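Notes to accompany the following structure.
We did not get these values from a lab; they are worked out from the coordinates using the rules stated. Keep in mind that this is a model prediction, so the values were computed, not measured. Here Cβ is always computed from backbone atoms with ideal geometry, including for glycine, and neighbour counts include all displayed protein chains.
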Protein chains: 2
Amino acid sequence: MGRWQPGAQGRLQHAAMELIAERGYDRVTVAEIAERAGLTERTFFRHFTDKREVLFAGQEQFHAVILEALAATPVEMDALAAVVAGIAATGRWLDDERRPSSRARQAVIDAHPDLQERELIKLTRVSTAIAEVLRRRGVPDGEAALAADAGIAAFRLAFTAWVADPGEHDLPWHLDAAVEALRRVVA
Amino acid sequence: MGRWQPGAQGRLQHAAMELIAERGYDRVTVAEIAERAGLTERTFFRHFTDKREVLFAGQEQFHAVILEALAATPVEMDALAAVVAGIAATGRWLDDERRPSSRARQAVIDAHPDLQERELIKLTRVSTAIAEVLRRRGVPDGEAALAADAGIAAFRLAFTAWVADPGEHDLPWHLDAAVEALRRVVA
DNA sequence: TCGCTGATGTCAGCGACTGACATGCACGCT
DNA sequence: AGCGTGCATGTCAGTCGCTGACATCAGCGA
C-alpha cells in the first residue's frame, strides 16, 4: 500500500458533496472539504483549479463522448442532425441510474450563481468545439456556430425536463422532443 | 459643491478601463482602481458587487431595451420573430459610434475566462426574461425557452461579426444575416 | 439650530488561491 | 542491497477579493 490512501480526487469530490448537502455550497470552506478527505487545502487545489471545479469533474469525458459521437456521424448528414446525434450519445452516460445524483447536483448549481456561471462556460466550450468539428466538415462558419448553439439549447431544455421527470422517459427522448419544438419555433 | 466629487461610479469604470488597458485585467487590483478614482476599495464594492461587474455596468438598460421592444411587438407575431425584433432594438444602442469601445471591451472579456462567465450568465438571464414574456403571451414553455435561446445565439453571432466588421454593416444587418443562417440550419 | 440622511472612510477579518520549498514512500537502476 | 529519482503530499507565508461594523461629516429639511 502506498504512502497515501488512493483516490484522493474522488475522496475530495465525495467529501465536497457531503458537506454541501449538509450546509450548502457557500457555508463550506475548501479547508473543510480537504480535512474531511484527510488532505490539505493546498492539495485540494492541486486536484481542482477552483473550489467550483470539484462539482464539475468528469465533464471532460462528457465533452469527449459528444465529440466522438459527432465524429462518428456520416458526413452527408445535416449539421443540426449530426449535432443532436452527438449530444444524444450522452444518454448512455446520463442513464436512469444517474438521475437522482444529477438531480441533487443540479439543485446545488441552480442555487448558486457562481456555479451557474461555471456550468454555462462549460457548455459554451462544448458548443465551440462542436462548431469547430462542423467547420472542418465544410459547414460555413456562422451556420456551424448556430447549429452547435441550437443543439446545446435543446440539450439544456431536455436535461432540465429529464431531471424533473420522475422516470417516464430517458434523456434521448426528451432531446427529441426539444428538437421537435425547436423546429416548430424556427420554422 | 458637495463633499465629494460627483460621478464616483463613472470614475471607477473609467479608471478600471484605463488600468486594464495598461496592464490587463488580472494584474489590476480593486484597490488600485479605487485609488486612481480617488476613492477607497470599500467604496468600489459599494458601487459594484464584484470586481468583474465594473465592466458590465449599464447592462440592465440593455436588458430593458430588449424587453420593451419585445413587449411592443404585436401579439400575433411569431415567437422567434418577436424575439429578434426585441434584440434588434439594441441596434439603437450599439451604434457605429460605440463600435470601437465595444471592440476594446470585448477584447478584454475574450481574454479572461472569469469575464466570459459573467457575460454568459448575463445573456442567460436576458434569455430567461425573454422566455418569460413569451410564456405570458401563450407560447408553450419549451418553445418559449428555445425561441429565446435561439435569439440569443443569433445575437452572439451577429455581435461578434459586428465587432469585427470595419464599418460596412450595422448590428441589425448582421442580426438579420444570423437569423437567415439559423433558419437554414434548423430547416 | 438641530437632527437626520447618505455617500464615503477606517478597520479588522475570512476565505479563495498561489509560489516556494520540504518530505518521504515507491520504484527502477546498478 | 544500496542508491537515486519521481511524484503526491505537507508546510508556510503571502496576496487579493470581498464583507460587516462602526465612524465621519456635508447638506437639507423641520
Exercise. Apply 1/(1 + (r/R0)^6) to the Cβ-Cβ distance of A:Ala21 and A:Ala164, taking R0 = 30 Å, and write down the FRET efficiency to the nearest 0.05.
Key: 0.95
Practice problem: Place the label 7 angstrom along Cα→C-beta at B:Asp114 and in each other copy, then list the distances from the first to the rest in nm, shortest first. | Solution: 1.3
Quiz prompt | In segment A:1-89, the GluC sites (Glu not before Pro) that fall in loop regions by DSSP, at most 11 other Cβ within 10 Å | solution = A:Glu76
Self-check item: Label-point gap, in nm, between A:Gln5 and B:Asp176 - each point 7 angstrom along Cα→Cβ
Solution: 6.5
Practice problem: Express in whole angstrom the spacing between the alpha-carbon centres of segment A:156-187 and segment B:1-78. | Solution: 38
Quiz item: From the square roots a ≥ b ≥ c of the eigenvalues of the alpha-carbon gyration tensor of the protein assembly as shown, which class results: rounded (a/c under 1.5), prolate (a/b over b/c), or oblate?
Solution: oblate
Exercise. Please provide three numbers in whole Å: the alpha-carbon extents of segment A:58-186 along the principal axes, with the largest listed first.
Key: 40, 31, 28
Quiz prompt | Scattering curve values for segment B:1-83, log₁₀ I(q)/I(0), Debye with Cα scatterers, q = 0.11, 0.19 Å⁻¹ | solution = -0.44, -0.79
